[in-house]
Every structure is written in C-alpha cells, then in structure tokens.
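Q: Quick one: this structure, given as structure tokens, is what I'll be asking you about.
Nothing in this text is a laboratory measurement; each read-out follows from the coordinates by a stated rule. In this text the structure is predicted, and so the values were computed from the model without any measurement. Here Cβ is always computed from backbone atoms with ideal geometry, including for glycine, and neighbour counts include all displayed protein chains.
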Amino acid sequence: MSTSPSQTSGSSADAANKNSSAAAAKQKRRQAIREGFDRLTELVPGLQGQGRSEGLVLKRTVDYMREQLVQRQALIDRVEQAGGDVDPKFKK
C-alpha cells in the first residue's frame, strides 16, 4: 500500500505543528523561569542591579530566607518573653 502525497504532506505538517508547539511551550517555560529569577533579584536585598547568575540568585535567596526565619523566631521569643501570646500556627 503506497502513501499518497497528500497524506505525506499532512504528516509533515502535523510534525511541524508539534515541533512548533513544543518550541513555543519551551520558550514560554524559559521566560517564566527568567521572570521568576528577575523577581527574586528585586526581592532579595543585595541582588538589585547585578548580573544574574542563577546559582548566585538561588544561594543568596536561601541565605536571605534563613536570616528571615531567624529574625522571625527572635520576634516570637521577644513577644513571649514580654508576656504576650503567639498563636501556635505562627510558631512553625
């Protein structure tokens, strides 16, 4: 059984559409990641205006979050030492 030219070109068009869709999805995913890193550079002190190395951004973000957790615990401790009550859901 032979394949007609219209069937072959249809398959080629389908493959081209799949490749195009995959490339567009990949580009969209990369753009979302890029925007996420850009947002982190805006939020994490010391990263504004620097060239973006993803490794550096992630490391400094983790460091910053750890500092924030320590400060949060210190505030909880201060409130409790002053006789205040802290809701258990905020102590986690």
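Q: Helix 54-81: angle to the longest alpha-carbon principal axis of the chain, degrees 0 to 90, nearest 10?
A: In the chain, helix 54-81 runs at an angle near 30 degrees to the longest axis.
Q: Pick out, from Gln71, Gly36, Val86, the residue whose Cα sits farthest towards the positive end of the charge dipole of the chain, with +1 on the Cβ of Lys and Arg and -1 on the Cβ of Asp and Glu.
A: It is Gly36.
Q: Just to be sure I understand, if you calculate P(r) over Cα pairs in 10 Å bins from 0, in percent for this structure, which of [x] 14, 31, 30, 19, 4, 1; [y] 13, 22, 17, 17, 12, 9, 6, 3, 1; [z] 17, 54, 28, 1 do you get?
A: [y]
Q: Comparing Ser12, Ser53, Ser21, which has the greatest mean-square fluctuation in the GNM of the chain with Cα pairs linked when under 10 Å apart?
A: Taking springs between Cα atoms under 10 Å, the residue moving most is Ser12.
Q: How tilted is helix 5-43 with respect to the longest principal axis of the chain? Cα atoms for both, answer in degrees (0 to 90, nearest 10).
A: Helix 5-43 sits roughly 20 degrees off the main axis of the chain.
Q: Moving on. If the only charges are +1 at each Lys and Arg Cβ and -1 at each Asp and Glu Cβ, what is the size of the charge dipole of the stretch 13-92 around the Cα centre, to the nearest 20 debye?
A: The dipole of the stretch 13-92 has a size of about 420 debye.
Q: Here's a follow-up. Where in the stretch 42-63 does the label zone of Arg78 land, with the point 7 angstrom along Cα→C-beta and an amide N cut-off under 14 Å?
A: It comes to no residues whatsoever.
Q: Then there's this: Tell me the mean residue ellipticity at 222 nm calculated for the chain from its helices only (DSSP H runs of n ≥ 4, each -39500 (n - 2.57), averaged over every residue, nearest 500).
A: -26500 deg cm²/dmol
Q: Using Cα pairs closer than 8 Å and at least 6 residues apart in sequence, work out the relative contact order for the chain, in percent.
A: About 14 percent, as a whole number.
Q: I've got another one for you. What order, most packed first, do the peptides 13-20, 56-63 have when packing is the mean number of other Cβ atoms within 10 Å of each residue?
A: Descending mean neighbour count gives 56-63, 13-20.
Q: Using a Cα-Cα cut-off of under 23 Å, which lysines could be cross-linked to Lys28, ignoring same-chain neighbours fewer than 8 residues away?
A: Straight-line reach from Lys28, under 23 Å: Lys18.
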